[in-house]
Amino acid sequence: MNTLEIISQPPIPEHLIGEVQSKLAYVDEVICKAQISKDGQKIILEVNRPVDELLRQRVEEKIQRVVTTMTQGSFRPKVQVLEDNMSAPTLNTNDPMPELMQRGELHCEADGIFTLGPLVTRLVEFFEDNFIALAATFDAQPYRFPVLIPARYLERVNYFKAFPHSLTFATHLREDLDAIDHFAQSACCDEHGDLNQLPESFAKIQALLSPAVCYHLYFALADKPLPGGKMIATAVGPCFRYESINLTSLERLWNFTMWELIFVGEKDFVLENREASRKYMAKAFEDIGLAYRVETANDPFFVGEFRKQAAFQSAFQLKYEIRANLPFKNSTLAVGSYNYHQDFFGRHLNITLPDGSPVHTGCTAFGLERMAYAFLSQYGLDIQKWPQTVKDYFGE
Ligand code: 5GP
Ligand code: ZN
C-alpha cells in the first residue's frame with residue numbers, strides 16, 4: 001500500500017477530527033484508508049497506487065478544501081449530557097466481532113452487508129420488543145413503509161444537498177430488448193465484485209433506497225391538513241447509508257434496520273413526547289444494564305452544509321444521541337437518537353395544523369444492529385453472564 005501524508009494548515013480542531021475524518025473517504029477514489037493525527041496536524045492516507053506529484057497535488061487540493069470548508073469559523077459546540085450511565089458495570093472487554101464471525105452468527109456478504117445468525121437475531125428481537133412496548137405506551141399507530149423512495153421526495157426535503165455522499169440509488173435495465181439481451185449475455189463481476197456493465201445499460205434514476213424511516217410518514221401526510229392536528233406513529237424498516245471505507249463491522253453498515261417512534265403536531269406536543277420517550281427508555285436501558293450516555297449531537301452533513309447545519313442543530317438541541325459504551329475500544333457508538341425537526345417537514349411538505357400553520361415533527365430512532373453490537377461488546381456472547389432481564393427473554 002502507498003502512503004500519502006498531508007499537513008493540514010491550520011490544524012483541524014480537536015472537536016472536528018472525527019467529523020472531517022469521516023468525510024475523507026469521499027475525497028478521491030484512490031483513498032483506501034484515512035487517519036488524522038491526534039493533534040489535528042497530519043492527515044495520513046493509504047492510497048491504491050504509487051504517489052506521483054500530480055496525484056499528490058490533486059488529493060491535497062481537495063483535502064484542503066474539505067478541511068477549510070468544515071473548520072473555518074467553526075466553534076466548539078457545548079455538548080450537554082442529559083443522562084450518564086457510563087459507569088454501569090459491564091463484563092466484557094473484547095471486540096465480539098471475531099467470535100461472532102467464527103461462530104457463524106454473522107456472515108459478511110460484502111462491506112457493510114451482513115447476515116445475522118440466531119443469537120444476534122434474537123437479541124435484535126429483544127430490543128425490538130422493548131421498542132414495541134415503548135410505542136404501546138404512546139398508543140402509536142403502526143405503519144409499514146417501502147424500501148424504495150422516489151427521488152423527487154428526497155429532493156423536496158433537501159436531502160441531496162445535506163447528505164449526497166451517503167445516497168444509494170436504485171435502477172433497472174432500460175426497457176430495450178437489445179440492452180436487456182446484451183446484459184443477459186455479458187453481465188459478469190470482476191475480482192472486486194463489480195459488475196462489468198456500462199451506465200448506458202441502466203434506466204434513469206427515479207428511486208433510491210430509503211435512508212430513513214420517518215420520511216415516508218411525512219410524505220404520506222404531505223400537501224394536506226393533518227387530521228386532528230396530531231399523531232404518533234411507529235414503523236421499523238431497512239435503511240441505507242453508503243459509508244465507503246468507513247463501513248466497519250456492525251458499527252457502520254450500508255444496510256441497517258431502524259426502528260422509529262414518530263411525533264407530528266404542535267411544537268409542545270412533539271417536544272413533550274420526545275422527552276417522554278427519552279424518560280421511558282432511560283428506565284428500559286437501566287433494566288438491560290446498558291452503559292451509555294445521552295448527549296446533544298448533530299447529523300453527519302456533507303462538507304458544504306456541515307458547519308451551518310451542525311451549529312444550528314446543536315444550538316437548538318434538535319438532536320440527542322444515545323451513545324453506548326464500547327469497552328474494547330474505549331469509545332462510544334450512537335445506538336439511537338431523539339430528534340426534533342421543528343417545522344422543517346411541515347414547511348417543505350406543506351403539512352398543516354388546524355390553524356393553517358405547518359406541523360412540527362420529531363422522532364425517536366434506534367439502530368437495531370448497533371443495539372445488539374453494543375450489548376455484545378459490553379456483555380460478551382455467554383448468555384449466562386448477561387443481565388437477568390435479557391436472560392429471561394432467552395429462557396435462561
Ligand atoms: P440517525 O437518524 O440519528 O442518523 O440514525 C438513527 C440511528 O440509526 C442511529 O443512532 C444508529 O443507531 C442507526 N444508524 C445510523 N447510521 C447507521 C449505520 O451506518 N450503521 C448502523 N449499523 N446503524 C446506523
Ligand atoms: Zn426519524
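The values are calculated or read from the model by the stated rules, or taken from the named source; none is laboratory data. Because the structure is predicted, anything quoted here is derived from the model rather than measured. Using ideal geometry, Cβ is built from the backbone for each residue, glycine included, and neighbour counts are taken over all protein chains shown.
Only a single item in (1) on the phi > 0 side of the Ramachandran plot; (2) out of contact with any Leu (no Cβ under 9 Å at 6 or more places or on another chain); (3) assigned by TED's automatic domain parsing to the domain that holds V124 is not met by F285, and it is number (1).
Condition check ((1) aliphatic (A, V, I, L, M); (2) closer than 24 Å to R307 by Cβ) across all residues:
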| residue | (1), (2) |
| --- | --- |
| L4 | yes, no |
| H15 | no, yes |
| Q21 | no, yes |
| L24 | yes, yes |
| K33 | no, no |
| Q41 | no, yes |
| E53 | no, no |
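Of the strands (runs of 3 or more DSSP E) contained entirely in the range 235-334, not one carries at least 3 residues that are among the acidic types (D, E) and either away from ligand 2 (no atom under 15 Å from the Cβ) or modelled with pLDDT under 95 (or both).
Reported count of residues in the range 318-371, each being away from ligand 1 (no atom under 14 Å from the Cβ) and in contact with a strand residue (DSSP E or B) (Cβ under 9 Å, 6 or more places away or on another chain), is 17.
Between L134, L100, the distinction of being over 30 Å from F219 (Cα atoms), of a type in the set (A, V, I, L, M, F, W, C) and in contact (Cβ under 8 Å) with a residue 60 or more places away in the chain belongs to L100 only.
Between E260, E266, E251, the distinction of being acidic (D, E) and surrounded by fewer than 20 Cβ atoms within 10 Å (Cβ to Cβ) belongs to E266 only. The single condition among (1) more than 16 Å from ligand 1 (Cβ to nearest atom); (2) without any contact (Cβ under 8 Å) to a residue 40 or more places away in the chain that F169 does not meet is (2). The residue that is modelled with the lowest pLDDT, counting only those in the range 170-228 that are of a type in the set (D, E, K, R) and exposed (fewer than 10 other Cβ atoms within 10 Å of the Cβ), is E200.
Determine if the range 119-137 includes at least one residue that is in the same structural domain as C239 (by TED's automatic domain parsing), under 22 Å from W386 (Cα atoms) and not in a helix (DSSP H, G or I). For the range 119-137, residues in the same structural domain as C239 (by TED's automatic domain parsing), under 22 Å from W386 (Cα atoms) and not in a helix (DSSP H, G or I): absent.
Contact annotation: residue pairs with Cβ atoms under 6 Å, 6 or more positions apart or on different chains, pairing a residue in the range 104-127 that is on the phi < 0 side of the Ramachandran plot with a partner that is outside any helix (DSSP H, G or I) and among the polar types (S, T, N, Q), are H107/T115; I113/N255.
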